[in-house]
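J.: Below is a structure I'd like to ask you about.
The values are calculated or read from the model by the stated rules, or taken from the named source; none is laboratory data. Only a predicted model underlies this, so the values are computations on that prediction, with no experimental measurement involved. For neighbour counting, all protein chains shown are included, and Cβ atoms are generated from backbone atoms with ideal geometry for every residue, glycine included.
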Amino acid sequence: MQFEHSERARTLLAQVETFMAERVLPVEHLYDQQARAQAVPATPAIVQQLKAEARALGLWNLFMPAPHHAHGAGLTNLDYAPLAEAMGRVSWASEVFNCSAPDTGNMEVLSLYGTPAQQERWLKPLLAGEIRSAFSMTEPAVASSDATNIRCAITRDGDEWVINGRKWFTSGAMNADCKLLIVMGKTSPDHPDTHRQQSMLLVPKDTPGVQIVRDMTVFGYDSRPVGHAEVIYDNVRVPLDHMILGEGRGFEVAQGRLGPGRIHHCMRLIGCAQRALELMCRRATSRHAFGRALGEHGSVKEDIARSFCDIEQARLLTLRTADKMDREGNKAARDMISAAKIVVPDMAARVIDRAMQVHGAAGVSQDTFLAEAYAYARYMRMGDGPDQVHLAALGRALLKRLG
């Protein structure tokens with residue numbers, strides 16, 4: 001088995017790394033300054049500027065897999081992995097290349113399942129980076145890790161669908177540039193097949209009845225301007241042609257969307273962890289305590305070595321998963337996707353935690369990226385399915401195959 005990236009991927013990686021080093025990292029803190037200076041959350045000016053530059057260089061929509069190359073770069077998952085890792089070194093950098101969640105998943109949904117009219121109205125401006133979008137699935141009143149629990153009601157009234165329900169952690173919805181919500185709800189709550197009860201609708205954010213209640217923070221971080229909104233849908237009406245794929249096929253769409261999204265998060269988290277390790281090494285050689293450099297203390301050296309091992313193991317698992325997705329398809333690779341989703345966020349949180357410890361008080365402050373990166377890594381042990389769900393699914397599959 002070889003994880004050799006194509007010549008084109010290597011060329012793009014060099015370009016992305018150069019762009020990150022020369023254009024993104026020098027203005028990392030400017031993003032936060034501009035985001036927090038806004039009365040209404042919107043994509044900061046520095047990001048809009050960098051997006052134009054990246055697009056002019058052809059560093060655009062790099063996530064879109066090969067079968068849908070007409071809409072993107074046409075890279076395999078394996079070739080995209082190092083690019084996503086490079087972007088993951090800065091929390092907001094993926095948007096610069098139009099490769100950020102939740103837009104990537106929503107674009108793949110529209111590419112795979114959207115009608116020509118839906119693609120013209122929503123996919124085209126998303127691919128151009130002109131608008132942003134959100135995915136509205138999780139609910140505060142039920143354990144949404146089991147999607148069959150979802151209670152948001154979708155009923156038909158003549159030539160319209162009517163939505164009533166409450167969602168939260170609808171990532172992206174706080175942004176004024178967000179124009180589209182993809183909403184999952186139940187159209188057939190009494191259907192005997194619990195996985196055929198759900199449907200997905202395309203809901204313009206400015207539709208009457210869509211109420212943004214508040215922004216949910218993660219360890220106090222509000223992820224401004226993207227946000228994780230709590231949203232009430234109060235008799236929200238959309239035309240029948242706003243349904244994705246068909247009635248009762250929402251679970252199918254969700255599974256198709258979440259597989260690539262999960263592996264993309266893993267790729268980005270490896271970038272977070274790698275940057276944390278590099279910062280840890282620099283700190284360990286530049287700071288002294290008790291008469292010698294921090295790196296000369298045995299416990300620090302061990303933490304650095306363990307972190308290197310952890311990252312390399314997680315990276316190899318992620319690359320192997322991406323390779324299987326490319327060769328056999330997302331469904332065939334679901335066990336590997338679950339394994340990566342279990343391993344990588346946990347690994348990243350451990351490595352970042354060690355780096356924070358070496359940095360002392362600075363590690364938990366706004367002066368490094370570590371605290372925010374830790375919040376992201378810890379959150380991703382729940383986002384796109386908690387550890388327990390993936391462990392149960394993987395264990396069940398292994399018992400069936402090997403028991």
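J.: Among the residues of region 165-191, which ones are touching a residue at least 12 places away in the same chain (Cβ under 8 Å) and in a loop (DSSP other than H, G, I, E, B)?
T.: Gly172, Ala173, Met174, Asn175, Ala176, Asp177, Thr187, Ser188, Pro189, His191
J.: Which number in (1) at pLDDT 95 or above; (2) under 23 Å from Met380 (Cβ atoms); (3) under 18 Å from the mean Cα position of the chain (by Cα) marks the one condition that Met200 misses?
T.: Against the list (1) at pLDDT 95 or above; (2) under 23 Å from Met380 (Cβ atoms); (3) under 18 Å from the mean Cα position of the chain (by Cα), Met200 comes up short only on (3).
J.: Which condition breaks for Ser307 when tested against (1) free of Cβ contacts under 8 Å to residues at least 24 places away in the same chain; (2) small (Gly, Ala, Ser); (3) in contact with a Lys or Arg (Cβ under 6 Å, 6 or more places away or on another chain)?
T.: It is condition (1) that Ser307 fails.
J.: Something else: Mind listing whichever residues of region 192-228 are over 24 Å from Ala254 (Cα atoms) and of a type in the set (Lys, Arg)?
T.: Selection gives Arg214, Arg224.
J.: Can you name every residue in region 17-35 that is touching a residue at least 24 places away in the same chain (Cβ under 8 Å) and among the aliphatic types (A, V, I, L, M)?
T.: Those that are touching a residue at least 24 places away in the same chain (Cβ under 8 Å) and among the aliphatic types (A, V, I, L, M): Met20, Val24, Leu25, Ala35.
J.: Could you say whether any residue in region 140-153 is assigned to a strand (DSSP E or B), surrounded by fewer than 22 Cβ atoms within 10 Å (Cβ to Cβ), modelled with pLDDT of 95 or more and over 16 Å from the mean Cα position of the chain (by Cα)?
T.: Yes, because at least one residue in region 140-153 is assigned to a strand (DSSP E or B), surrounded by fewer than 22 Cβ atoms within 10 Å (Cβ to Cβ), modelled with pLDDT of 95 or more and over 16 Å from the mean Cα position of the chain (by Cα).
J.: Residues of region 36-52 being touching a helix residue (DSSP H, G or I) at 6+ places or on another chain (Cβ under 9 Å), touching a residue at least 40 places away in the same chain (Cβ under 8 Å) and not in a loop (DSSP other than H, G, I, E, B), which ones?
T.: Val47, Leu50, Lys51
J.: While we're looking at this one, here's another question. Give me the residue from region 203-234 that is of a type in the set (Gly, Ala, Ser) and at pLDDT 95 or above and, out of that set, farthest from Pro140 (Cα to Cα).
T.: The first filter runs over region 203-234 and keeps only residues of a type in the set (Gly, Ala, Ser), leaving 209, 220, 223, 227, 229.
Now restrict to residues that are at pLDDT 95 or above: 209, 229.
Values: Gly209: 19, Ala229: 11 Å.
Within region 203-234, the match that is farthest from Pro140 (Cα to Cα) is Gly209.
J.: OK, next. Is it the case that some residue within region 107-125 is touching a Ser or Thr at 6+ places or on another chain (Cβ under 7 Å) and crowded, with 24+ Cβ neighbours inside 10 Å?
T.: no
J.: Spot the failing condition for Ala322; the list is (1) under 29 Å from Asn61 (Cα atoms); (2) surrounded by fewer than 18 Cβ atoms within 10 Å (Cβ to Cβ); (3) touching a residue at least 12 places away in the same chain (Cβ under 8 Å); (4) not basic (Lys, Arg), and only one is missed.
T.: Status for Ala322: all satisfied but (2).
J.: Residues that are under 16 Å from the mean Cα position of the chain (by Cα) and of a type in the set (A, V, I, L, M, F, W, C): list the helices (runs of 4 or more DSSP H) wholly contained in region 320-403 that include at least 1 such residues.
T.: In region 320-403, the matching helices (runs of 4 or more DSSP H) lie at 334-359, 370-379.
J.: When Ala289 is evaluated against the numbered criteria (1) buried (at least 20 other Cβ atoms within 10 Å of the Cβ); (2) in contact with a His (Cβ under 8 Å, 6 or more places away or on another chain); (3) not basic (Lys, Arg), which criterion, by number, is the only one it fails?
T.: (1)
J.: Right, another one. Among the numbered criteria (1) loosely packed, with under 13 Cβ neighbours inside 10 Å; (2) touching a Lys or Arg at 6+ places or on another chain (Cβ under 7 Å), which one does Ser299 miss?
T.: Here Ser299 clears every test but (2).
J.: Taking Arg237 as meeting all but one of (1) of a type in the set (Lys, Arg); (2) within 25 Å of Gly114 (Cα to Cα); (3) at pLDDT below 95, write down the number of the exception.
T.: (3)
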